[in-house]
Amino acid sequence: ADENSLYFKAGDTNLADYASYGSHQFKPMPYYEVPADVFEDDGLFIKWAERSVMQAKLMAAKKASKKYK
C-alpha cells in the first residue's frame, strides 16, 4: 500500500467498479484503492465516494441485523 493512495470501502454494490480498474485491496479490510483516473475526475470521484458510503451503510445494517437475531 502506498501512503499516497486513497481507499474507499467496496462490496456487493461497487466492487465491480474497482475490479474494472484493477484496483488493489487494502487487506484484510474491504477497502480498495481509488484509481487515479477517478481521483482526477471530480464528478466520477463524487459518484464513487457516494457509492462507498452507501456500501458502508449496507454493511453496517447487515452487521446490526445479525447482532439482534
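Bear in mind these aren't lab numbers, they're just calculated from the coordinates by the rules spelled out. Since the structure is predicted, the reported quantities are computational estimates derived from the model, not experimental observations. Counting neighbours? That spans all protein chains shown, and the Cβs are built from the backbone with ideal geometry, glycine included.
The table below lists the values:
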{"item": "Cut-off under 5 Å, modelled amide H: who pairs with Y7 long-range", "result": "V34"}
{"item": "Average projection area in nm² (convex hull over Cα atoms of the chain, one quarter of hull surface)", "result": "4.9"}
{"item": "Nitroxide proxy distance, nm - points 7 Å out along Cα→Cβ at A16 and K57", "result": "2.1"}
{"item": "Restricting the chain to GluC sites (Glu not before Pro) in coil, as DSSP defines it, with at most 16 other Cβ within 10 Å", "result": "E3, E40"}
{"item": "For region 24-31, Karplus couplings with θ = phi - 60° (6.51, -1.76, 1.60), whole Hz, Gly/Pro x", "result": "9, 7, 8, 6, x, 7, x, 10"}
{"item": "Unit charges on C-beta of K, R, D, E only; dipole of region 7-62, Debye", "result": "420"}
{"item": "Net charge of neighbours whose Cβ lies under 14 Å from the Cβ of W48, counting Lys and Arg as +1 and Asp and Glu as -1", "result": "-4"}
{"item": "Net charge, F8 excluded, C-beta distance under 12 Å - Lys, Arg +1, Asp, Glu -1", "result": "0"}
